[in-house]
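Please treat every number below as a calculation from the coordinates, not as lab data. Just so we're clear, the structure is a prediction, and the values are computed from it rather than from any experiment. In this analysis, Cβ positions are derived from the backbone assuming ideal geometry, glycine residues included, and neighbour counts consider all displayed protein chains.
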Amino acid sequence: IQKSKVKNQNHNSKFKIYQENINSIKSFLFGKNKLLIKSLKKEMKKLSQDQKYEEAGKIRDQIRALEKIFAHKEIVAQDMVFENIKAVSALESLLKIKEIKRMESYDIAHMQGKYAYGSMAVFIDGFPAKDLYRIFKIKTVLGSNDVAMLKEIITRRMTHKEWPMPEVILVDGGKPQLAATNWVISKYRNIEISLIALTKNKKHVGDHIYIAGKNEPISLNVLPPPLKNLLMHLDSEAHRFAIKHYRHLHRKMLT
């Protein structure tokens, strides 16, 4: 009974967090929309006062159409949150973790070793926390060595004790990247982090994951769709952020 009570408390706590995320998404989606409808209603009222009833009727129809669209967006926003609940819960089961709060993803971007950057994307409760993203300019690696670059940025990240430690780290790559990350983390004996490497096929689309401590890869296609989408989103955010800064520096060097 006690275990069931604790489980329910954890679920209620998570639900509260996700409900807050729903409210944040709704505020983002509907902030300007409310102003738009308010403006249209004001215009409709003025047209009616000027006895331009046909034009006022058209504005009324626009308002009704917009209200339907906004109501649909609210449902979509709620669906996003509940899909994330499923995804995080599935990842907790897969990794045998009681609670996942923070996830970090890492990727490398460079051109034959030049303009090299490493990126860190952060998800909190399954949602991107873009204000926590970080970029690392590669300092110690010469040439095109992604594994060494990854080892450098993970090492530098671990020195930031003021940043909360994640429960999960995902790296772009396969066994070599997973081993390099595991080697760095193992130096910090008081830190327990589950490590995942996401491999891509020839079309640069995610196809398998490797989990530290398990020999065989797991196909993304056998994972629950919400979990597959979450892992691919986490990986793509790190990739996007690394490429963004790599391109910025590259353009700057060419001008």
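Entry note, region 60-187: relative contact order of 22 percent, from Cα contacts under 8 Å with a spacing of 6+ residues. Where Rh is the Kirkwood radius over the Cα pairs of region 41-168, the temperature 37 °C and the viscosity 0.692 mPa s, what D in µm²/s does Stokes-Einstein return? For the chosen part, D equals 172 µm²/s. Measuring spread by the Cα atoms of region 35-115 yields a radius of gyration and Dmax of 24.5, 70 Å. Over all directions, the projected convex hull of the C-alpha atoms in region 124-238 averages 8.1 nm² in area. Around the Cα centre of region 40-184, unit charges on the Cβ atoms of Lys, Arg, Asp and Glu (plus for the first two, minus for the last two) sum to a dipole of about 320 debye. Amide H contacts of Glu167: Lys101, Arg102, each under 5 Å away and 5 or more positions distant or on a separate chain (H built 1.01 Å from N in the peptide plane; Pro and chain starts excluded).
Going down the table (Lys161/Lys202; Lys101/Lys175; Lys175/Lys203), which pairs top 29 Å between alpha carbons? If you can, show how the numbers build up before the last one.
Values: Lys161/Lys202 38 Å; Lys101/Lys175 25 Å; Lys175/Lys203 19 Å.
Where the Cα-Cα span goes over 29 Å, the pairs concerned are Lys161/Lys202.
Pairs with C-alpha atoms separated by more than 23 Å, drawn from the list Lys130/Lys214; Lys46/Lys73; Lys130/Lys187; Lys68/Lys130; Lys130/Lys228, are Lys130/Lys214; Lys46/Lys73; Lys130/Lys187; Lys68/Lys130.
Aspartates and glutamates within cross-link reach of Lys151: Cα-Cα under 19 Å, excluding same-chain residues under 8 positions apart? Reachable aspartates and glutamates: Glu104, Asp107, Glu167, Asp172, Glu192, Asp235.
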